[in-house]
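Q: Sharing a structure, written as structure tokens. Questions coming.
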Amino acid sequence: MNVLNRIIGIVLFLLLLAIAVAAIAIVTGLVTATAVDQVVTYAPIHHMTTDLEALTMSTKALVIAAAVIVGLISLWLLGLELRPPRRPRKMTLSTDSGGEVDIRHDVIRQVARQASLDVAGVEDVDIDVARRRESIRVKCRATIDRFADATAVGSQVETSIRQRLEQMLGRPVERVDVDVEPAKPGTPVHVR
């Protein structure tokens, strides 16, 4: 389905770009209504081209400005649609003559998230992973139970993330930063 959506998007953006260029060409007089009639003998197109030719100068300026904006936006969106999909970021764990072992950053993020949620008092977490040569840095924003000890929970989250990732990756975690914020009053209390 994604390929079909991309094809439809590409055709739509090309069509918008062609309409914008045609409007500019007709309004500026580069193409006349009689020239369009020789190519296309469809009555609504004839009426549209003659109406565009008969506009006042100030209206022509507005039509040109709108066509340029539509053309630029469709050209930009066409460029975005034609770009290849982004590859997921990954980290190489080991390389030898037989090959290499890679792990994607979203897997590391998911493991760190689960390690954080396993700590008592943690309600929700947001994890960001950054790689530095042979080690990684983890930033964790944890929302904790408003009745929990923030210092103790933050320390436990940091230890849990560090241990789980070092065990999984087989390399040191350079830094784990944990920002703790208590849940807002009125949020339901989670019981485990």
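The values are calculated or read from the model by the stated rules, or taken from the named source; none is laboratory data. Treat the numbers as computed from the prediction; the structure is a model and nothing was measured. Cβ atoms come from the backbone with ideal geometry, glycine included; neighbour counts cover every protein chain shown.
Q: Here's a check for you: in the stretch 45-61, which residue that is over 24 Å from Leu14 (Cβ atoms) and touching a residue at least 12 places away in the same chain (Cβ under 8 Å) is nearest to the chain's Cα centre (by Cα)?
A: Looking at residues that are over 24 Å from Leu14 (Cβ atoms) and touching a residue at least 12 places away in the same chain (Cβ under 8 Å), I get Lys60.
Q: How about the stretch 157-192: which of its residues are modelled with pLDDT of 85 or more and surrounded by fewer than 15 Cβ atoms within 10 Å (Cβ to Cβ)?
A: The answer is Thr159, Gln163, Glu166, Gln167, Arg175, Asp177, Asp179, Glu181.
Q: Filter the stretch 9-60 down to residues that are in a helix (DSSP H, G or I) and among the hydroxyl-bearing types (Ser, Thr, Tyr) and give me whichever is surrounded by the fewest Cβ atoms within 10 Å (Cβ to Cβ).
A: The extreme case among them is Ser58.
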